[in-house]
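The values are calculated or read from the model by the stated rules, or taken from the named source; none is laboratory data. Keep in mind that what you see is a predicted model, and the values were worked out from it rather than measured. Note that we place each Cβ from the backbone using ideal geometry, even for glycine, and neighbour counts take in every protein chain shown.
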Amino acid sequence: MLFRDAQAKTIHLKDYHAPDYLIDKTVLRIQLKDDETLVTAALSMRRAQPDRKGGSNELTLDGQELELRKVSIDNTELDPANYGVTADSLIISSVPDVFELETVVATKPQNNTSLEGLYKSSKMYCTQCEAEGFRKITYYLDRPDVMAEFITTIEADKKRYPILLSNGNPVAQGELENGRHWATWHDPFKKPAYLFAMVAGDLACIEDSFTTMSGRDIDLRIYVEDKDVDKCDHAMASLKSAMTWDEEVYGREYDLELFMVVAVDDFNMGAMENKGLNIFNTSCVFAKPETTTDAGFQRVEAVVAHEYFHNWSGNRVTCRDWFQLSLKEGFTVFRDAEFSADMGSPTVKRVEDVNLLRTMQFAEDGGPTAHPVQPASFMEISNFYTLTIYEKGSEIVRMIHALLGAEQFRAGSDLYFERHDGQAVTIEDFVAAMSEVSGREFGQFQNWYRQAGTPRLAITGDYNAADKIYRLDIKQTCPATPECEKKAPFLIPLRMGLLGSEGDLPLFLEGKANGETELVLEITEGEQTIIFEQVYEQPVPSFLRGFSAPVKLDFAYSRDDLVQLMSRDSDGFNRWEACNQLALGVLQELVSAYLAGTELSLDKRLIEAYRGLLTDPTTDKAMVALMLNLPTEAYLSEVAEVIEVEAIHQARQFARRTLGQVLEDEFMAVYQANDAQLKDQPYVASGEQIAMRSLKNTALAYLTQGGSAMALEFASEQFQCADNMTDSSAALAALVNSLAANEGGMAEAALQDFYQRWQDEPLVVNLWFQLQAWCLLPGGLDRVLALLEHEAFDISNPNKVRAVIAAFGMGNAINFHTADGAGYTFLTDQIITLNKLNPQIASRLVTPLTKWRKYPPQRAELMKAQLERLLGEPALSKDVYEIVNKSLA
Ligand code: B3K
Ligand code: ZN
């Protein structure tokens with residue numbers, strides 16, 4: 001048999017055509033053995049349009065890295081003359097209209113380091129098939145619009161693999177000779193191959209049950225290694241909350257008798273929504289106060305919910321092709337965000353999501369890998385599990401929700417699920433359902449799906465006191481992106497209000513009396529003027545409330561306006577945003593001063609605003625903690641024309657230090673008050689406690705940055721006495737980033753202590769790796785090189801790669817972007833190693849280099865040279881090739 005490398009070719013949405021053949025039923029027998037795994041696939045197939053005249057009878061099945069042992073049609077083995085095998089297909093020259101195809105292939109999951117298809121994670125077998133991994137298990141029509149009923153039998157050694165799982169319901173099991181056993185599973189819901197899953201291992205399980213709204217009892221099981229059973233309660237509780245929420249908010253009930261989650265150590269992303277058998281990265285299942293931070297608890301809740309919600313938005317109604325990926329991902333992210341908002345604080349959740357979007361997705365949208373939410377082409381679909389598909393996709397669904405209102409949106413979602421249940425559909429089908437229930441036309445709105453780039457709204461306001469008129473001139477633009485030079489205007493829902501001295505003013509749009517204090521303007525033109533009448537005082541406008549559209553907005557606020565909005569806007573998100581804008585302006589001013597070589601001085605208005613936050617007991621603690629977080633270096637880089645790494649870093653550090661010093665008493669008081677209050681209560685990951693811990697640890701970070709000796713004592717005492725990982729890791733991070741604590745040996749001692757204590761908990765060791773990779777003190781690359789040599793580091797485990805290599809490349813600019821380019825060479829070395837082991841992970845690591853054009857010439861050249869070095873690598877995976885190639889184009 002001949003193996004060639006699969007060709008890197010571009011696939012276009014416009015070339016989509018429906019499948020020529022369909023698979024009604026897929027019967028799999030998977031025999032797991034130490035040397036090789038045999039997969040027998042019996043597929044009941046038929047021609048999709050039997051009446052169509054002409055056309056060939058040739059059948060092409062997808063398959064990669066498979067060793068074909070046998071192929072037969074209707075029980076007759078085929079002569080090799082009648083089929084051919086390439087690196088990524090099996091071609092049978094002629095097949096009947098209706099037939100049974102049987103193939104037997106051998107694979108070696110024990111050598112599969114790509115973590116795609118069937119592979120081993122520690123001692124267990126597991127699978128990851130989305131998007132195109134099933135073709136590494138057997139020859140198949142591996143595309144989401146081919147949906148089949150699956151019957152799966154797994155056979156393995158009983159002692160080492162007592163648990164055998166697949167999608168659907170268990171139907172039979174039995175013993176075999178030589179200590180082997182088997183189990184058969186049946187999934188009655190037709191599904192694409194990407195939702196297939198199987199697991200074999202020695203697993204313990206925690207069990208619970210859920211009664212659905214129609215009174216059906218569902219068995220819930222979480223399978224983990226025996227040592228981890230004490231870490232699953234939060235995931236189980238989250239699952240039950242998600243099931244209840246989806247019934248209440250979307251009227252969606254679970255459909256099988258059993259819902260299973262399996263946690264594995266080695267996983268390329270967070271989790272996977274396989275029908276009835278979700279497979280999770282342990283990092284998104286395990287949660288225990290001693291080992292998991294508050295952020296970890298929240299992530300588990302969100303990811304468990306996200307995967308569960310896919311049962312409807314993704315599984316029951318799936319994607320026609322991978323250009324429609326955001327159909328399921330954007331919608332499901334929107335669903336999980338609303339769920340998390342309902343479980344905790346909606347404003348906090350919104351601020352967190354908008355921060356991610358504006359920092360990471362806007363950067364993606366402005367760089368060489370920018371792509372529309374419905375891309376027009378791709379080379380490797382794994383590269384399209386992006387912030388654009390997920391986060392911007394969710395923002396688009398949120399805008400539809402805003403335009404329709406909750407009730408019509410629900411009617412639209414009901415229609416969508418009902419009309420397309422059991423089908424593989426498109427983004428247009430989703431929008432059509434929303435359009436139909438509302439009578440709204442979505443023509444222009446769909447530009448959001450088809451055009452990449454972040455639109456910009458430039459607004460000027462003019463108040464005419466004599467006529468009591470406030471006039472807004474709004475201009476929208478969108479920069480060119482690789483796929484499109486000139487953009488058609490977007491429909492931008494701009495939720496807004498006008499703030500007067502006594503609060504929100506009633507709004508009277510020209511010609512229309514309404515008097516509401518908030519409205520959603522629909523911006524549809526390149527240039528648009530809005531006139532408000534009966535405005536009796538000069539207002540301060542509050543735009544984009546709740547961040548009503550994923551755009552950049554320019555309005556020349558004075559710092560005093562921002563201080564006003566920060567304390568008085570009726571919209572919680574915009575109160576945070578005003579603080580964020582105030583801090584951003586101050587930091588940008590410091591960056592300019594640093595570049596000009598002038599002395600840095602911090603605007604008193606920011607200091608006073610922060611003092612107000614720290615001393616006002618009425619402001620929500622979670623909000624205070626959020627507002628005290630200065631815009632990150634990553635965000636400052638995103639909004640900069642040219643990224644001046646050192647200036648950005650020094651400006652921000654200066655602000656942190658100064659605030660820590662000037663407000664030492666206030667930070668101290670906040671630290672002590674919250675610490676004392678928390679000490680009286682047992683740990684719970686509740687919104688209230690999370691806010692207190694976050695506020696207290698933010699205060700601690702400012703204090704240690706400010707150089708307070710007392711703060712180091714607090715940090716050290718907190719590190720030793722904490723009963724939860726949030727406090728313990730925050731204290732450790734404060735020590736690790738403190739020059740004084742490093743010089744005194746305190747930081748090193750704490751690091752050793754921490755490792756000794758947690759070395760048997762891989763996820764905690766990852767936190768330990770990450771906070772060292774993030775350490776901002778000089779010498780970052782040497783520290784990271786040492787971490788790679790550490791006994792606990794393992795480059796074949798994606799979580800470890802993320803904790804060390806990605807954390808350094810994406811979260812430690814000052815150490816990564818040293819002027820000699822050593823960080824770039826280091827990252828490229830790692831990408832080259834990973835390109836062979838795990839192309840998906842390798843490709844993600846290229847991200848920081850893709851932004852090379854935004855850096856000053858010297859650094860840009862060094863980054864570019866490393867991209868060119870990658871391009872010259874022999875045997876570059878499609879994954880890495882596509883990103884590097886686009887970055888250099
Ligand atoms: N659908 C999966 C992601 C699969 C990624 C494949 N490379 C997880 C999720 O979004 O729910
Ligand atoms: Zn998803």
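State whether the residues of segment 109-128 include one that is assigned to a strand (DSSP E or B), within 16 Å of ligand 2 (Cβ to nearest atom) and surrounded by 13 or more Cβ atoms within 10 Å (Cβ to Cβ). Checked segment 109-128: at least one residue is assigned to a strand (DSSP E or B), within 16 Å of ligand 2 (Cβ to nearest atom) and surrounded by 13 or more Cβ atoms within 10 Å (Cβ to Cβ). Under the condition of being over 22 Å from Phe384 (Cβ atoms) and either buried (at least 22 other Cβ atoms within 10 Å of the Cβ) or among the aliphatic types (A, V, I, L, M) (or both), the residues counted in segment 831-858 number 1. Residues in segment 129-145 that are touching a Ser or Thr at 6+ places or on another chain (Cβ under 7 Å) and farther than 18 Å from Asn268 by Cβ were compared, and the one that is farthest from ligand 2 (Cβ to nearest atom) is Tyr139. Here Ala287 fulfils each of the conditions (1) in contact with a His (Cβ under 6 Å, 6 or more places away or on another chain); (2) surrounded by fewer than 18 Cβ atoms within 10 Å (Cβ to Cβ) apart from (2).
Rundown of residues vs (1) surrounded by fewer than 20 Cβ atoms within 10 Å (Cβ to Cβ); (2) part of a strand (DSSP E or B); (3) modelled with pLDDT of 95 or more, yes/no style:
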position	(1), (2), (3)
Ala183	no, yes, yes
Tyr194	no, no, yes
Phe210	yes, yes, yes
Tyr223	no, yes, yes
Val229	yes, no, yes
Met236	yes, no, yes
Glu247	yes, no, yes
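Exactly one residue among Ala18, Ala41 is more than 33 Å from the chain's Cα centre (by Cα), modelled with pLDDT of 95 or more and under 18 Å from Asp62 (Cβ atoms), and that residue is Ala41. On the given criteria, is Asp727 closer than 27 Å to Val662 by Cα, out of contact with any Ser or Thr (no Cβ under 8 Å at 6 or more places or on another chain) and in a helix (DSSP H, G or I)? Yes. Taking segment 564-584 as the range and being within 17 Å of Leu505 (Cα to Cα), at pLDDT 95 or above and either touching a Phe, Trp or Tyr at 6+ places or on another chain (Cβ under 7 Å) or among the hydroxyl-bearing types (Ser, Thr, Tyr) (or both) as the test, only Ser570 passes. Asp265 satisfies every condition listed in (1) away from ligand 1 (no atom under 16 Å from the Cβ); (2) surrounded by 23 or more Cβ atoms within 10 Å (Cβ to Cβ); (3) not hydrophobic (A, V, I, L, M, F, W, C) except (2). The set of residues in segment 728-746 that are under 17 Å from Gly706 (Cβ atoms), crowded, with 17+ Cβ neighbours inside 10 Å and among the small types (Gly, Ala, Ser) comprises Ala730, Ala731, Ala733, Ala734, Ser738, Ala741. In the set (1) assigned to a loop (DSSP other than H, G, I, E, B); (2) over 21 Å from Arg869 (Cβ atoms), the condition left unmet by Thr818 is number (2).
Considering segment 590-601, and only residues there that are buried (at least 19 other Cβ atoms within 10 Å of the Cβ) and aliphatic (A, V, I, L, M), the residue that is nearest to Glu646 (Cα to Cα) turns out to be Val591.
Every residue, every condition in (1) closer than 15 Å to Asp829 by Cα; (2) of a type outside the set (Phe, Trp, Tyr); (3) under 23 Å from the mean Cα position of the chain (by Cα), yes or no:
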site: Thr847; (1), (2), (3): yes, yes, yes
site: Lys854; (1), (2), (3): no, yes, no
site: Gln866; (1), (2), (3): yes, yes, no
site: Leu871; (1), (2), (3): yes, yes, no
site: Ile883; (1), (2), (3): no, yes, yes
site: Leu888; (1), (2), (3): no, yes, no
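Restricting Ala341, Ala370, Ala402 to those that are within 23 Å of Thr426 (Cα to Cα) and either surrounded by fewer than 20 Cβ atoms within 10 Å (Cβ to Cβ) or within 13 Å of ligand 1 (Cβ to nearest atom) (or both) reduces the list to Ala402. Among the residues of segment 627-643, is there at least one that is part of a helix (DSSP H, G or I) and either at pLDDT below 95 or farther than 29 Å from Ser340 by Cβ (or both)? Within segment 627-643, not a single residue is part of a helix (DSSP H, G or I) and either at pLDDT below 95 or farther than 29 Å from Ser340 by Cβ (or both).
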